[in-house]
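The structure under discussion appears below in the form of structure tokens.
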Amino acid sequence: MQEDTFYQIRRELHQHPELSGHEARTARFAEDKLQAFNPTKIIRHVGGHGLLVEYFFSEDGPTVLFRADIDAVAVQEPDEIPHHSQTPGVAHKCGHDGHTTILLRFARMLSEHPLTKGRILLLFQPAEENGSGSKAVLDTKVLDYYQIDKTFAPHNIPGYPLHAVLCKEGSFTCAVVSVSITLTGKTSHAAEPQKGISPIPAMLTIVDELSRWNNTDMQSDDYFLSTIVEIHVGEEAYGVSAGNGVIRATLRAKTDKLLHQHAEQLKNLVATECERTPGLQHEMEWLEPFSANENDPQSVSLVKSAAIRNNLPYLELQTPFSWGEDFGLFTQQYKGAMFGLGSGENCAPLHSPQYDFPDAVIETGATLFYTIAEENQEL
């Protein structure tokens, strides 16, 4: 049975997860499977361990890119899952094993039922989880060789009915960035704090102000959420007045523009607070950036039409998801859309130890891809 073949592929991927930037085995495995599906061309080492796969049908017609992410996350998986991870502390807890398998199944469809015109690009993208993969792919300039008309990517979504298709115009996932703020002053005896330079007053103000900026109403265009993930100051030394501190946080907003505004506001806040404490130095490091996925209306219409044509429930979202997704950088550069695939209302949450991608969604995702590719030819 064809489904069983791809179920087995997905489970083998699941057993051998690799973290962002280390997906060499995953790429080799995908390339080995692709050989049976007769691609026109395979380009290796795209943005690291990525693969770009071309199916050429004719010079006439559009070029459409479909993307799957291939990396895993640093989570320990329980052994009770029959096909559990063989790599300690690493597991496919975001469903990238399923996304990769969807793209492989789509490749087989293209091989068995070639389109009449245009070309299809399949991107097996590395390093999605840390937000560096899409930039690395784009920086290679390999996509500049093609005139890409549209681009699409799925993401499985636990908590929604199995096989449901979720989409919306505009922001589908938020713009997100992490920040590490290091404040360096001077330690002193706890009995003489005036002889030191304490980061604590500045830290308290920064944390308080970040909280004040929050607007957690997802219906609002000004939605913004800052989450403090770590605060560290001083040591367990009761005779010492602290001289150093660190604040780590994530910032998220519906659009790249609004996120950038708040990031600049934070830079000014940190600089101002350090000036109020003479001698206090600061350093800010920006990490794991994710651009907002900005879904193009025509691309969303194609997703909706493909869902209806395949008798799949279509759910039009009213608000974006608050998490970040590295596909956003592609939708900033090309017209396209990210859409959700319901993983089941009782499916464990993403990134949780109990999560496992539902195999039944493989055929759903691949069929949607094929239908989108077919219908886009008629535009």
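The values are calculated or read from the model by the stated rules, or taken from the named source; none is laboratory data. Everything quoted here is computed from the prediction, not taken from an experiment. In this analysis, Cβ positions are derived from the backbone assuming ideal geometry, glycine residues included, and neighbour counts consider all displayed protein chains. All accessible areas refer to the heavy atoms of the entire protein, side chains included, with ligands and DNA or RNA removed. Shrake-Rupley method; radii C 1.70, N 1.55, O 1.52, S 1.80 Å.
Kindly indicate which of ALA306, ALA348 is crowded, with 24+ Cβ neighbours inside 10 Å and more than 21 Å from GLN125 (Cα to Cα). Talk me through it step by step, then tell me what you get.
On the way: ALA348 fails: crowded, with 24+ Cβ neighbours inside 10 Å.
When all the criteria are applied, what remains is ALA306.
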Failed item in (1) in a loop (DSSP other than H, G, I, E, B); (2) surrounded by fewer than 23 Cβ atoms within 10 Å (Cβ to Cβ), with LEU269 passing the rest: (1)
Long-range neighbours under 9 Å by Cβ, at least six apart or interchain, first residue under 17 Å from PHE224 (Cα atoms) within segment 314-336, second among the aromatic types (Phe, Trp, Tyr) and open to solvent by 20 Å² or more (accessible area, probe 1.4 Å): TRP323/PHE290; GLY324/PHE290; GLU325/PHE290
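On the basis of being outside any strand (DSSP E or B), on the phi < 0 side of the Ramachandran plot and not basic (Lys, Arg), does LEU34 make the cut? Don't jump to the end; show me each part of the working.
Numbers: outside any strand (DSSP E or B): yes; on the phi < 0 side of the Ramachandran plot: yes; not basic (Lys, Arg): yes.
Against the criterion (outside any strand (DSSP E or B), on the phi < 0 side of the Ramachandran plot and not basic (Lys, Arg)), LEU34 qualifies.
Among the residues of segment 66-83, write down those that are surrounded by 16 or more Cβ atoms within 10 Å (Cβ to Cβ) and either more than 17 Å from the chain's Cα centre (by Cα) or at positive phi (or both). Steps first, please.
Here is the first cut: in segment 66-83, the ones surrounded by 16 or more Cβ atoms within 10 Å (Cβ to Cβ) are 66-73, 75, 77, 81, 83.
Hits for segment 66-83 are GLU77, ILE81, HIS83.
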Where VAL233 falls short, out of the listed (1) within 25 Å of the chain's Cα centre (by Cα); (2) within 19 Å of VAL179 (Cα to Cα): (1)
Residue pairs meeting the criteria (Cβ under 9 Å; at least 6 apart or on separate chains; first of a type in the set (A, V, I, L, M), in segment 141-155; second open to solvent by 10 Å² or more (accessible area, probe 1.4 Å) and in a helix (DSSP H, G or I)): LEU143/GLN333; ILE148/GLN333; ALA153/THR331
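Within segment 173-180, is there a residue that is assigned to a strand (DSSP E or B), without any contact (Cβ under 8 Å) to a residue 24 or more places away in the chain and either closer than 30 Å to HIS262 by Cβ or among the acidic types (Asp, Glu) (or both)?
No, segment 173-180 contains no residue that is assigned to a strand (DSSP E or B), without any contact (Cβ under 8 Å) to a residue 24 or more places away in the chain and either closer than 30 Å to HIS262 by Cβ or among the acidic types (Asp, Glu) (or both).
Just the residues that are crowded, with 18+ Cβ neighbours inside 10 Å and more than 21 Å from THR116 (Cα to Cα), please, taken from segment 35-51. Let's see the steps before the verdict.
The first filter runs over segment 35-51 and keeps only residues crowded, with 18+ Cβ neighbours inside 10 Å, leaving 37, 39, 46-51.
Passing the criteria: VAL46, GLY47, GLY48, HIS49, GLY50, LEU51.
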